[in-house]
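Below is one structure, written out as structure tokens; comments come after it.
The values are calculated or read from the model by the stated rules, or taken from the named source; none is laboratory data. Since this is a predicted model, take the numbers as computed values, not measurements. A quick note on method: Cβ atoms are made from the backbone with ideal geometry, for glycine too, and the neighbour counts reach across all protein chains shown. To get the accessible areas, we keep the full protein, side chains included, count just its heavy atoms, and leave off ligands, DNA and RNA. Shrake-Rupley method; radii C 1.70, N 1.55, O 1.52, S 1.80 Å.
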Amino acid sequence: MARRSSGGSSSSNRSSGGRSGGSFSSSRSSRSSSSSSSSSRGSTSRPGSSFPSGIFGSSSRKKVGTSTFRIPVGGSRRPTAGGSGVNTAGCAGCGGCSLFVFGVIVIAILLIVLVASGTFSSCGSNPGNVEITKSTIAREPLPKGSVNETGYYMDELGWINKDSVLINGLKHFYQETGVQPYLYITDTVNGSHSPTADDLADFASGLYDKLFTDEAHCLIVFFEYGDGYMDRYVCGNQAKTVIDDEAADILLDYIDKYYYYDNFADEEFFAKAFSDAADRIMAVTRSPWIPVFIVIGIIAVIVLLLFWWSNVKRQENIEAKQTQEILNTPLEKFGDQEVEELTKKYEKKDEGNESKES
């Protein structure tokens, strides 16, 4: 065998792990690294039924129907005359202020709900109820030249009809991480349709040595037969510096998730799992509440500005009304008032003089 690019690291230094589902759920697949064993995903229950946290059933690529998310379209009813509920008595010229504020608040609430529920995802609902592991580490891809590039998959079951779709997803993973993935789809391990988790682990480890001459590949063996599946990954000594335990969990999570999407062909299911996993692995996952708080802050500022502007307009209207009342007062009335005031003033003076003379 050719010298490995990592310096000939032994297979014992590789990281590996896996999951199982359906009839294989009783076999827990463990990691060969120092981390804790990976969780079993098997259960006889279909998604939507009651099952313990972390348990996820599968049965021979049986999928659950999904529906594409659609943003609700529409608006409030057109207000009728006199019944809009908008108080314009003290805000002449800005009768739409309250309605506008109401509309902004409704849009804000809709945005918050969408962001919080993750429905901006192009795939819509999550039939498998799989929560994708968060990426908490800032990772750097392997340097160029680490990989002795090979093919990208082996399909013993004839699942892949459009290999370009699958390869594009796998190449995206390679470009983002610097680790070349390889997908091996089979229903037989060492001549058996019912291998144990240990059998699959040994099979995957031996397969790595047969397929690759470097330590920069990540091999995923996806075994399915009857009503269950198992998958196993093996990452070379170099590859595991990027595809660590957390990153591997992210990839396995996406495989678990998209396994149940009936609007994906098999090649699309795998391609999207690898592509989405690469994007998440190579970026630290932001809290979904950050954009929610940003939206709330923007809306709060807009509402405060609207109320300030409304108060300014109200005061201007009051002053304009007072000015208009003054302008509408007849000049004669001002004259009569002045004469009366002067008369009263001189009458008081005359009375005072008379009292002095007496």
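Quick notes on this structure:
- Of all residues in segment 233-281, those satisfying the criterion of being buried (at least 22 other Cβ atoms within 10 Å of the Cβ), assigned to a loop (DSSP other than H, G, I, E, B) and not polar (S, T, N, Q) are Gly236, Val242, Ile243, Tyr259, Tyr260.
- The set of residues in segment 199-232 being open to solvent by 10 Å² or more (accessible area, probe 1.4 Å) and closer than 10 Å to Gly18 by Cα consists of Ala201, Arg232.
- Beta carbons closer than 6 Å, at least 6 apart along the sequence or on distinct chains, pair a first residue in segment 151-176 that is under 27 Å from His193 (Cα atoms) with a second that is β-branched (Val, Ile, Thr) and part of a helix (DSSP H, G or I) for Tyr152/Ile167.
- The residue that is farthest from Tyr225 (Cα to Cα), among those in segment 144-175 that are among the polar types (S, T, N, Q) and open to solvent by less than 50 Å² (accessible area, probe 1.4 Å), is Ser146.
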